[in-house]
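Contents: one structure, followed by commentary.
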Amino acid sequence: MSKDIKIEIDEHSGFCFGVVTAIKKAEEELSKGGVLYCLGDIVHNGSEVKRLEEAGLVTIDHEQFAQLHDAKVLLRAHGEPPATYEMAKRNNITLIDATCPVVLMLQKRIKTEYDTEGDKSRIVIFGKKGHAEVNGLVGQTDNRAIVIESPSEVSKVGLDKNISLFSQTTKPLDEYNEVAESLREGLKQNGGYSLKFNDTICRQVANRIPNIFNFAKVHDLIIFVSGKKSSNGKSLFAECHRANERSYFISSADELEAAWFADDVKSIGVCGATSTPKWLMEKVADRIKEIITNN
Ligand code: SF4
C-alpha cells in the first residue's frame, strides 16, 4: 500500500462549548481535592469519562444519588429535572451545576409555557425517551409532556387541543421540521387547532450535519470516532454514511482494522461527535499512520 496517504482530522468535530465548560468545571473542582461525584456520564464518551475518573471523578446513577448525603455532585451539561434539585436540598448535597446555558434556557421556556398554558395546550417534545436532557425537559411539566422520537410517532399524539412543540437540542433540524409539518396538518384536519413551533435545536450541533456531510464526501474513507451511547454520534455517523459508504464507527483506536485501508484509499478523514475529545481523534489518526506504514 502506498504510504502517500492524506489523513485529515475534521476541525468542526469534537466537544461543543457546553461539554467543554462542564469538563472545565469538573477539573476545577477536582483540583481543590475531596470527592466529586458526577450524576451520569459527564460526556457520552468512555475514554474521556475514564480520564476524568482517573483524576478523581466518581460517576453515579440516580439510584446512588438518592442514597447520597452531605456530598458534592456535579450536574452535567444535559441538565436535570426539578426533582434532582429538591433531593439535593433535602440531603444536604452541594450541586456544581454545569447544565449548558442553552439547555437551561430551554428548560425555562418549557416551564413558562406549562405554567402559562396549563391544560389549554399540550406540550410535545421531539427527543429520545429516557435521554437525560429529555428527562430534564419533561420534568418542567410535572412529567406531563409527551415525548416522540421520530416523525412516524406523530400519530400517537392527541390532536384535540393546541400543541406547543419543543425539541431536544441535538435532534436533526430536517426531522424536526417534518414532525412539525405532520402535527400542523393533523391539527388542522382535527378541528383547526394550532401548533406553536419553538425552534430549540442547538446550532452548535445542527451545523455539524452539513459540515460533516461535506467532510465525508471529500475523503475516500471515513473513520468516525464516538462513544456508542451518544445519540448525537449516531446522527452524525448516519450523515457520514449517507455521504460516503466507506465510513466506519469506532470508539477507540483499538477497533481500527487493517483491512479497511485498501490500496485505493488515498485520503482518510477522521471525525467524530460533539462528545468526542480532540485527543482521541489525534490518537486514532496516529494509529492509522502506524497501520498504513505496517501494511
Ligand atoms: S449541544 Fe448545544 S445545548 Fe447541548 S451541551 Fe452542547 S452547546 Fe449545550
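Points worth noting:
- Residues of the stretch 128-151 satisfying the condition of being within 16 Å of the ligand (Cβ to nearest atom) and either open to solvent by less than 10 Å² (accessible area, probe 1.4 Å) or within 13 Å of GLN168 (Cα to Cα) (or both): LYS128, HIS131, ALA132, GLU133, VAL134, ASN135, GLY136, LEU137
- One residue from TYR248, TYR193 being part of a strand (DSSP E or B), open to solvent by 30 Å² or more (accessible area, probe 1.4 Å) and either of a type outside the set (A, V, I, L, M, F, W, C) or modelled with pLDDT under 95 (or both): TYR248
- Subset of the stretch 253-271 that is assigned to a helix (DSSP H, G or I) and of a type in the set (Asp, Glu) - its residue that is most open to solvent (accessible area, probe 1.4 Å): ASP254
- Selection within the stretch 1-42 - closer than 30 Å to ALA262 by Cα, more than 16 Å from the ligand (Cβ to nearest atom) and open to solvent by 40 Å² or more (accessible area, probe 1.4 Å): MET1, SER2, LYS3, ASP4, LYS6, ILE7, GLU8, ILE9, GLU11
- Among the residues of the stretch 129-144, some residue qualifies, meaning at least one is charged (D, E, K, R), not in a loop (DSSP other than H, G, I, E, B) and not assigned by TED's automatic domain parsing to the domain that holds HIS78.
- Among the residues of the stretch 97-127, those identified as surrounded by fewer than 19 Cβ atoms within 10 Å (Cβ to Cβ) and within 16 Å of the ligand (Cβ to nearest atom) are ASP97, PRO101, LEU104, MET105, LYS108, ARG109.
- Summed over the stretch 196-233, the residues that are away from the ligand (no atom under 16 Å from the Cβ) and crowded, with 22+ Cβ neighbours inside 10 Å give a count of 8.
The values are calculated or read from the model by the stated rules, or taken from the named source; none is laboratory data. None of the values given here were measured: they were computed from a predicted structure. Here the Cβ is made from the backbone with ideal geometry for all residues, glycine too, and neighbour counts use every protein chain on show. For the accessible areas, the whole protein counts, side chains as well, though only heavy atoms, and no ligand, DNA or RNA atoms are used. Shrake-Rupley method; radii C 1.70, N 1.55, O 1.52, S 1.80 Å.
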